[in-house]
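Right, one structure below, let's go through it.
The values are calculated or read from the model by the stated rules, or taken from the named source; none is laboratory data. The structure presented is a predicted model; accordingly, all values stated were derived computationally and were not measured. So basically every Cβ, Gly included, is an ideal-geometry build from the backbone, and we count neighbours across all protein chains shown. To get the accessible areas, we keep the full protein, side chains included, count just its heavy atoms, and leave off ligands, DNA and RNA. Shrake-Rupley method; radii C 1.70, N 1.55, O 1.52, S 1.80 Å.
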Amino acid sequence: MKEKKDNIFRRFYYGLWKENPILFLCLGLCPVLAVSTTAEYALAMGAFTTAVLILTNVFVSALKKIIPNEQRLLGYLILAASFTVAGQLFLKAYFPDFSEALGIFVPLTAVNGVIYDRAERCAYVSNPGIALFDAIGTGIGYTFIITLLGAIREIIAFGTIFGIRLIPADYTIPFTALAPGACIILAFIMALANKIRGGHRS
Amino acid sequence: MKINKNLWFLIIPIFCIALITGSFFYTRGTIKANEAAKANGVISAVFPDAVRYSEATYNKRFLALYLEEHGYDTTDVVVDHVVYARNEQNAVKGLIIYVNCYKKYGGLIQMAVGIQNNGTINGYTILDISDAKGLESKVKEDDFKNQFIGKNVSAFVLSDEPHSDAEIAAPNGARDASGTVVNGINTAIITLEFIDESMGGLLE
């Protein structure tokens, strides 16, 4: 029992920090760079990805006995795509502004590398409880980093954070709202994270 | 009879189809209502004093030729459709022109331009824009929009230091999108001229 509990917390910690998909695995970077122009959009993208990740991980884990080993990628794809489409419909119905702002990156969540990484590395070989905590940890880690990146970009590019003005508009640098600016800021965050974690990437 | 193990795999697609179908039927009413509200919002934003609207019919090919004659590249800008804004007596007060503008470095801005019969700009609304999130909002802001409203010119141009009605200042960091919006509004002005001419001055 204690071992199971330890395993759950370890998976949560790994997803959150040690195997953070953005900082150390460099997965799902396309939406990270494209959507994180403001903290609000970044948080919405992170929350949406986390929801799809949790559902896919839990269902892959629960259904792993009926997913043939040779067709497991197809199984992940069908589940991830279905949850993404269903989520997209709910987003369009109840959060139309976010649906419009996130645009093409909402349906592209179906092919987000983070989901397949967690399904393959954890969900397919673990029980649903562990898969759930792994997805929650990974989702929070992903959402935190994308929101941090969005907040930094928003402050530098627009002088605001979550729409609240911090810096006068005349002192902003709009370059950071573009993809090259995002790459530079993300590189600094990754370098700092690697310095804190120490050692080499496995 | 023993069922092939792989047949169990069919449960997943069946579950997924049920999930998507259920979500579609559950949300479609709300999505439709959102879209209708957005369309009404667009129309009332660019022509608030009109009470009726009707689709305008015109020859799209002739309009494209007319735009080309006036120096507009019809691969950069396409008039999607035109709506008449009418008053209570059913007289046409102006046009709402839906324009798709292709940006210099790729991307698309879809906009609706409200323009009175005499060529005065009522306003515009951005329907869709493919630009860096945040930067795109600069051409949606009132500071930029207000530069067009109430003006009656033959064409607008971007300028660093505007001195006349026709000159528009681009917001910092959104010069490309601003130029595209200016191009779209100029296209709407030419479209008004074309429709007026092709209707024999009905818009007077």
Each label sits 7 Å from Cα toward the beta-carbon; between A:ASN127 and B:SER154 the label points are separated, in nm, by 8.1 nm
Would you tally the net charge around A:PRO21, using a Cβ to Cβ cut-off of less than 9 Å, leaving A:PRO21 out, and scoring K and R as +1, D and E as -1?
-1
Give the span of the stretch A:1-104's Cα atoms along each principal axis, as three whole-Å numbers ordered largest to smallest.
44, 30, 24
Considering only DSSP beta bridges with both partners in the protein assembly as shown, what is the antiparallel share in %, to the nearest 5?
95 percent
Within chain A, how many Lys pairs that are eight or more residues apart, or on different chains, come under 27 Å at the alpha-carbon?
11
Determine which aspartates and glutamates satisfy two conditions relative to B:LYS145: a Cα distance under 18 Å, and not lying fewer than 8 residues away in the same chain.
B:ASP128, B:ASP131, B:GLU136, B:ASP160, B:GLU161, B:ASP165, B:GLU167, B:ASP176
Normalise the Cα radius of gyration of chain B by 2.2 N^0.38 Å (N = residues in it) and let me know the number.
1.33
B:SER198 versus A:ASP170: modelled label distance in nm, points set 7 Å from Cα along the beta carbon direction:
4.9 nm
Report the calculated FRET efficiency for B:PHE25 and A:VAL111 (r = Cβ-Cβ distance, R0 = 22 Å), to the nearest 0.05.
0.30
How much length would be gained if the chain were fully extended between B:LYS140 and B:SER164, taking 0.36 nm per residue of separation minus their Cα-Cα distance, in nm to one decimal?
6.5 nm
Chains B and A: how much accessible area gets covered up at their contact, both sides added, probe 1.4 Å, in Å² to the nearest hundred?
2500 Å²
Over 22 Å between alpha carbons, listed pairs B:LYS32/B:LYS140; B:LYS38/B:LYS140; B:LYS38/B:LYS138
B:LYS32/B:LYS140
Roughly how compact is the protein assembly as shown, stated as its Cα Rg over 2.2 N^0.38 Å to two decimals?
1.20
Where does each of B:PHE15, A:PHE24, A:PHE95 land when they are ordered by accessible area, with a 1.4 Å probe and the largest first?
A:PHE95, B:PHE15, A:PHE24
Using 0.36 nm times the number of residues separating B:ALA18 and B:ASP80, minus their current alpha carbon distance, what extension gain do you get?
18.6 nm
What translational diffusion coefficient, in µm²/s and rounded to a whole number, does the Stokes-Einstein relation yield for chain A at 10 °C and a viscosity of 1.306 mPa s, taking the hydrodynamic radius as the Kirkwood radius over Cα pairs?
91 µm²/s
